[in-house]
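Beneath this line is the structure, given in structure tokens, with notes to follow.
The values are calculated or read from the model by the stated rules, or taken from the named source; none is laboratory data. Note that this is a predicted model, so its numbers are computed, not measured. Counting neighbours? That spans all protein chains shown, and the Cβs are built from the backbone with ideal geometry, glycine included.
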Amino acid sequence: MAVRRRRRAPCVAVIDIGSNSVRLVVYESLARSLVTIFNEKALCGLGREVQSTGLLAPDAVKKALTALRRFRALCRVMRVGRVYAIATAACRDASNGPEFIAKAQRICGVPIEVLSGKREARLSALGVASGVYKPNGIVGDLGGGSLELIDVRGNRLSRGVTLPLGSLALQDASQKSMKKAERIVKAALTPLTELKAGAGRTFYAVGGTWRALARIHIIQSGYPLHVMHGYTLPAADALTFVRRVRRLAAANTLANVEEIAEARQPLLAYAALVLEHVIRIAEPKDIVFSTYGVREGLMHEMLSETERTKDGLICAAQTLNELLSRSSHHAQELIAWTDRFVRIAKLKETPEERRLRHVACLLSDIGWRVHPDYRGEQTLNLICNGNFGAITHQGRAFVALSVFYRYAGLREENEPPPAVRALVSPAMIERARVLGAAFRVAHLISAARPGVLPATHFRSDGRKLTLVFEHRMVDLVADRVGSRFKQLARLVGRSGSIVRR
């Protein structure tokens with residue numbers, strides 16, 4: 001009998017015509033947790049002269065149209081189901097913007113939505129809301145032509161504002177004078193009540209040039225996790241860094257920064273300048289860099305309300321579970337099994353710790369195809385560097401460590417790299433060890449097959465913790481199962497034993 005394969009939803013693409021770059025992003029499908037299967041940009045500089053001439057530069061237009069021809073061809077080759085196209089500040093501000101959009105639409109074969117500043121701000125905020133768990137702060141999207149600012153609290157968004165403070169726009173309006181650029185930025189940002197509402201909250205930095213600054217900081221500081229999304233800096237540290245970037249720019253020592261595209265390097269000083277004044281005026285507690293922005297916001301907006309309210313991290317973990325685990329249903333049973341263990345063992349757990357534990361359960365079997373000697377290492381890297389959002393770097397490390405201990409065991413010689421351990425507190429490491437030990441018991445009992453864990457139960461009697469096997473499962477009891485359960489019990493300060501019922 002032939003096996004019926006699940007029909008895959010068609011992939012979707014966004015063509016984003018920005019003031020500095022023109023980009024094509026293809027997503028596996030329209031889903032709560034987006035999976036990027038292709039991403040390419042061309043740095044065209046459409047907004048390079050809009051402030052001074054009111055026009056899109058002819059050479060930039062030529063480069064952009066050439067890039068769009070390639071992008072359309074790629075969409076045909078990849079058999080993209082639906083293509084969406086948007087354009088931002090340069091195209092809405094330039095007097096020859098409509099002429100360019102008409103040519104671009106003929107090439108792309110789809111309508112191009114020229115976003116208003118407020119709509120661009122809203123989509124940026126929706127992008128952050130889709131990629132950050134319960135955001136609370138100000139979203140700032142710095143493009144080549146404009147800066148959008150909008151307040152976000154979970155899924156509630158304020159009315160956004162847009163300002164002509166994009167990196168290319170500032171470079172053009174200031175005639176490449178940093179002193180003049182500083183006056184422009186200060187005059188635009190100082191009176192904004194929208195920024196002052198960010199005091200003591202988070203500022204979410206969106207946009208390629210701000211991400212470039214974050215990339216430099218990650219590399220130069222030796223930070224162990226080279227994941228841009230969710231990279232967080234205390235506001236005071238970020239302020240010190242952007243001031244240093246400005247000093248280096250003034251001394252002409254920012255050129256040839258290997259980590260950053262050559263065309264973007266001259267714009268770093270302007271991006272640093274804007275972020276410096278944002279920090280001074282808004283006084284946020286920290287800066288979180290987000291790779292989720294307008295494009296992801298556009299996709300998020302198209303989802304049903306039910307889908308939008310789902311937890312993006314849980315959705316991503318469920319997808320990986322279905323793709324890589326031996327049994328996706330077993331992971332759901334493991335969630336319920338560890339729920340019972342936490343309750344019976346009377347372990348204190350915050351809602352966020354519970355959420356991360358559930359994610360770890362969903363990912364606890366994704367390394368089974370790897371050679372046994374490398375399962376811990378490979379799953380650690382996969383989870384730490386996974387392309388998903390709605391999780392902090394600390395959360396990534398915790399989940400990764402929990403699954404690492406499940407595969408590598410708890411002996412000292414099998415400890416994970418110190419750089420990963422440094423991302424979490426000693427208490428979180430201990431919690432990861434407990435969860436990893438629980439996984440080692442559960443997977444040994446069940447061989448990752450569904451229907452087994454529900455037939456085992458926990459009992460607590462003072463300092464004694466007991467694992468009870470129902471009669472139909474008693475043949476699964478073995479010395480190795482007993483020793484692993486005793487190890488788990490010791491980690492939570494109990495003695496452990498197994499009982500057949």
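Within the range 302-359, the set of residues being modelled with pLDDT under 95 and surrounded by 21 or more Cβ atoms within 10 Å (Cβ to Cβ) is empty.
Condition check ((1) assigned to a helix (DSSP H, G or I); (2) touching a Leu at 6+ places or on another chain (Cβ under 7 Å); (3) not aromatic (Phe, Trp, Tyr)) across all residues:
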residue: Ala448; (1), (2), (3): no, no, yes
residue: Gly451; (1), (2), (3): no, no, yes
residue: Phe458; (1), (2), (3): no, yes, no
residue: Val468; (1), (2), (3): no, no, yes
residue: Met473; (1), (2), (3): yes, no, yes
residue: Arg480; (1), (2), (3): yes, yes, yes
residue: Arg484; (1), (2), (3): yes, yes, yes
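For Ser497, the test of being free of Cβ contacts under 8 Å to residues at least 60 places away in the same chain, of a type in the set (Ser, Thr, Tyr) and outside any strand (DSSP E or B) is failed.
Here Leu34, Leu24 are screened, and the one residue that is surrounded by 20 or more Cβ atoms within 10 Å (Cβ to Cβ) and not in a loop (DSSP other than H, G, I, E, B) is Leu24. Would you check which residues across the range 424-437 are crowded, with 19+ Cβ neighbours inside 10 Å and either outside the structural domain of Asp373 (by TED's automatic domain parsing) or part of a loop (DSSP other than H, G, I, E, B) (or both) and list them? Listed by number, the list holds a single entry, Val424. Comparison of Val492, Val481, Val474 shows that the only residue that is aliphatic (A, V, I, L, M) and touching a Lys or Arg at 6+ places or on another chain (Cβ under 6 Å) is Val474. Only one of the numbered conditions (1) at pLDDT below 95; (2) crowded, with 17+ Cβ neighbours inside 10 Å; (3) not in a loop (DSSP other than H, G, I, E, B) is violated by Arg48, and that is (3). For Gly145, the requirement of being modelled with pLDDT under 95, crowded, with 19+ Cβ neighbours inside 10 Å and outside any strand (DSSP E or B) is met. The set of residues in the range 75-85 that are within 26 Å of the chain's Cα centre (by Cα) and either surrounded by 22 or more Cβ atoms within 10 Å (Cβ to Cβ) or not in a strand (DSSP E or B) (or both) comprises Cys75, Met78, Val80, Gly81, Ala85.
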